[in-house]
Structure formats: structure tokens, C-alpha cells
Protein chains: 2
Amino acid sequence: METAAPKRRTRIQIEKREAILEAALDVFSQHGFRGATIDQIAEAAGMSKPNLLYYFRSKEEMHVTLMQRLLDTWLAPLRELDDEGDPISELRGYIRRKLEMARDFPRESRLFANEILQGAPRIMPMIEGELKTLVDEKARVMKRWMRDGKIATVDPYHLIFAIWATTQHYADFDVQVRAVLGPDRGGDGRFDDAARFLENLFLEGLRPPR
Amino acid sequence: METAAPKRRTRIQIEKREAILEAALDVFSQHGFRGATIDQIAEAAGMSKPNLLYYFRSKEEMHVTLMQRLLDTWLAPLRELDDEGDPISELRGYIRRKLEMARDFPRESRLFANEILQGAPRIMPMIEGELKTLVDEKARVMKRWMRDGKIATVDPYHLIFAIWATTQHYADFDVQVRAVLGPDRGGDGRFDDAARFLENLFLEGLRPPR
DNA sequence: ATTATTTTTGACCGATTGGACAAACGTTAG
DNA sequence: CTAACGTTTGTCCAATCGGTCAAAAATAAT
């Protein structure tokens, strides 16, 4: 028994749906769900509005399709956190991967941020389900590392929040980051600077050495 | 010579404008600028739409008025950072005050987040001006603390970003934080847990003690 | 080539949007 | 009391919104 209909799709359907989702990601991440219009998305995808609505029955259908696809990509860095690896290296790697995602997929980051900011009206089930389950699992891993004395004993949930917040900040608040850093320091190197800083912050803190 | 017209205001004008801004903060922070409607704000303020438009000529005028008022409140915690105080205590105090703002003024936090997320189309001048100036000033203070060996040598700009990101996260991503923590740990105590965690993170890092 | 199917489009719809406006209403100073 | 001024409202408008629909155009199957 299948939970979803097989849905045969032609080559054109596959291609056009992909082009639409790409355009929708652009527009939704810039203006939010309510701020985005179907006309904008259609124009960005290079087709007419009725044509777009032939592939997606509604604005909401585009949005949920995007969200479902993105969640996996978005949680991938945390999934890779290996409980059998060296704790410090694993955390360092997680921070690095998450920051790379903020650098390479800023639209995805802003799409999620927009949705959460407005109360997650369309993706709450995913947050309470898939996302929470993964966080619970990795929090248990971190607790074991703490018991074994591999890392300092802190609240693993708030640790994950802190890693999310600091890394996604460089995607979600990009314009502010660039404005504050100025034209010289706000260039491409800002992600390398951020990587160095965050790695040092999470591992060493601000207490002066020696 | 005055740069702005005196603009005499009656008692009613002062009261009504205040009520409107309060309602606008509610609606804008929930739905963003484009997602909010004048009707919604008018209803929240307990008046008709034409009546509201008698006090504010447009939706945008409400938004910029809110932004101008909020920026001072928002930057206050950083302004209080005293270059003559003890560096560690000052940073600890700054983190605490910023987290208290996220707890007590989440709507203001979300309003800013919404604006920045969408490219800061209406407040870019304030970010490049007032905000950047203050950050530059406090960054210099922190650099001196580092030269004097009072705190570890890190990039002060990214340090400020990290404090902003981690504290505002509890306002902007509140629904996600509560969902992940669950009903028992997501209650009122989550801000105390966050305060303990962040203070420890920024000062000590995750390196295991001893 | 002819049919059947998929894709695209222009025209259109009702609902909602931000805002205008004049008339009505309330308040207050003389 | 009344004239002047401040406040409120109902009505209206053009623009835009998400979405429909029938028909044309393109493509695929026979």
C-alpha cells in the first residue's frame, strides 16, 4: 500500500517544476510567504502565472514542497555529527559545516528564518517531529561526551541553539554584517574570519590564556 | 534653526499615535511589513482605518517611526558597556542585558529581524550610521582590553555578532526553541538556562576543565 | 496523417490591498 | 451661543492579489 499516489511525471513537468522551485526559493526567501506574489515567482521562472499554476496548484503548495525538500539539506550537518568520533573534532566540524551552509545556501537559511519568525505556521509539525527527534538524539550523544569528560558540561540543547544562531546569523543578517564590517572587511573573507572566531569561541571562550 | 518642524500635537494626538504604534509593533513583528495590513493594525488599535490614516499618513510612516524609536532601546545594552569597568564583568553584563531584552521585548527583536532579513530596505541608513558607529567605538574598547591581556584576543566585530546572534535567537526563533525543549523545559525557565549557558560559553568555551 | 494528450496563454473573477475624500461629529475658545 | 478647529466615519477607488477557465498551441502516440 502506497501512502502517496505514484504521480507519473513527464520530462517537461520535472524540469518546469524544478525551475519554479528555484524561482520560488529566490522570491520567498527575500519577501517571506505573504510578501511573495505568484506573479513574481512566475516571472523569475520565465513563465506566465497560469502556466505556473498548471504545475503547482497554489502558492502554499510551492512553499510546503520547498520546505520538505530543504529540511533534509538543512539538518544534514547535524546528522553527520558522529558519536564515535573525537568530540572536539566533531563539534569543530559541525560548526564549520553549518557555517559553510550559511555561506553557500543563504536563501535556504532565510526561508527557514522567515518561517520561524512568523510562528512557523506551515512547518510546525516538521519542527516538533523530525527536527526535535534529531536534536534529542544528538543531545544524548553530547551528554555522553560530557560524562566522559571529553568536553565541558553544559546544556547540550542550548549549545546546539548557540551553534545554529551564530552560524545562521551570517546568512540571515548578511546585510547588517556587511554594513558593520564595512567595504574592506565585509568582502568574501568574512566567512573565513567568522570560522576562525567561532571555532575559537566555542572551544576556548574569552577567558585570557596563561 | 530647526531641522524638523515643531509639529504641535494635541493630547489626543499623542495618545492615539502611541496606541497605533503599540498595535503596529504587534502586527509588524508577527507578519512583517508586507504581510501586515493597515486594517489589522487599525483593529488592534481599536479604531477605523481612515481614523488611523489621520494620524499616520501611510503604512510606511508607521514603520519608520517604530524603527527610529526602537533603535535607541535596542542599542542601549551595548551603549552601557563601560570601557572603564572590569572587562569580564562588562561582557558578562552585556550578554545578560541583551538576553533580558530578548525576553522582555521579543516583538522589537522580531521587527528588526524581519527588516534585516529582507535586506533592510527601510533602515539601511541607520545601520550604516548610528549602529555601525557604536559598534566601531565598542570594538575599539574591546581591542584595548585584548592588548591589556584582560580578555582573549579575538575579532571584536565577530564577538559582537555572536552575542547578538545567540541572545536574539531566543526571541526570533522562540517557537522553535520552545518546540525543541519540549513542554517541560520550554517554560519560563528557559531564559535562566540560556543565561547560564551563554555566560559559561563566552567566558570558558567548551574545552574540558582541568 | 490523425488523434489524443500535454502544455501554454489571454481573459477574466471576486477578494483584498493601501489610500483618498467629503461629510458628519466632537471639542473648545471666544 | 457660535465659530473654529480637531476628530471620526462611510463610502469609494484603482491596483494588486490568488486563482479559474476555455481555448489555442505544442507535443506525443497511433
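Worth a mention:
- Full-stretch length increase - B:LEU203, B:ASP148 - with 0.36 nm per residue and alpha-carbon distance subtracted: 18.1 nm
- Segment B:1-57: equivalent-ellipsoid semi-axes (sqrt of 5 x gyration tensor eigenvalues, Cα, Å): 23, 14, 10
- Principal axis analysis of the Cα atoms in segment B:64-204 yields extents of 45, 37, 20 Å, listed in decreasing size.
- For segment A:67-204, the fraction of 1.4 Å probe accessible surface lying on carbon and sulfur atoms is 46 percent.
- Remark: label point of A:LYS49 defined 7 Å out from Cα along the Cα-Cβ vector; separations to the same position in other copies 1.9 nm, ascending.
- Trypsin sites (Lys or Arg not before Pro) within segment A:101-200: DSSP coil, no more than 15 neighbouring Cβ in 10 Å: A:ARG122
- B:ARG79 versus B:ASP39: modelled label distance in nm, points set 7 Å from Cα along the beta carbon direction: 4.0 nm
- Reciprocal mean inverse distance between Cα atoms of segment B:101-174 - Kirkwood radius, Å: 13.7 Å
- Sum of -39500 (n - 2.57) over DSSP H runs of 4+, divided by residues of the protein assembly as shown (222 nm, nearest 500): -23500 deg cm²/dmol
- Per-copy distances of the B:VAL141 label point, shortest first, in nm (7 angstrom along Cα→Cβ): 4.0
- Scanning chain A for GluC sites (Glu not before Pro) that sit in a DSSP loop and have at most 11 other Cβ atoms within 10 Å, the longest stretch containing none of them is A:85-210.
- Calculated FRET efficiency, A:SER89 to B:ARG69, Cβ-Cβ distance, R0 = 51 Å: about 0.60 to the nearest 0.05.
- Heavy-atom surface of the protein assembly as shown, accessible at 1.4 Å and reported per residue (Å²): 48 Å²
- Taking label points 7 Å from Cα along the Cα-to-Cβ direction, A:GLU22 and A:ARG122 give a separation of 2.1 nm.
- Computed over all pairs of different Cα atoms, the Kirkwood value for the hydrodynamic radius of the protein assembly as shown is 23.2 Å.
- Structural descriptor for chain A: relative contact order 21 percent, calculated from alpha carbon pairs under 8 angstrom and at least 6 residues apart.
- Among the listed pairs A:LYS59/B:LYS49; B:LYS16/B:LYS49; A:LYS98/A:LYS150, those beyond 19 Å (Cα-Cα): A:LYS59/B:LYS49; A:LYS98/A:LYS150
- Zero-based 5 Å bins, Cα pair distances in segment B:54-121, whole percents: 3, 15, 20, 20, 16, 12, 8, 4, 2, 1, 0
- Diffusion coefficient of segment B:1-157 by Stokes-Einstein, Kirkwood radius over Cα pairs, 37 °C, 0.692 mPa s: 184 µm²/s.
- Closest approach to the A/B rotation axis among chain A Cβ atoms, residue and whole-Å value: A:GLY205, 2
The values are calculated or read from the model by the stated rules, or taken from the named source; none is laboratory data. Remember, it's a predicted structure, so these values are computed and weren't measured experimentally. Note that we place each Cβ from the backbone using ideal geometry, even for glycine, and neighbour counts take in every protein chain shown. Side chains included, ligands, DNA and RNA excluded: accessible areas come from the protein's heavy atoms. Shrake-Rupley method; radii C 1.70, N 1.55, O 1.52, S 1.80 Å.
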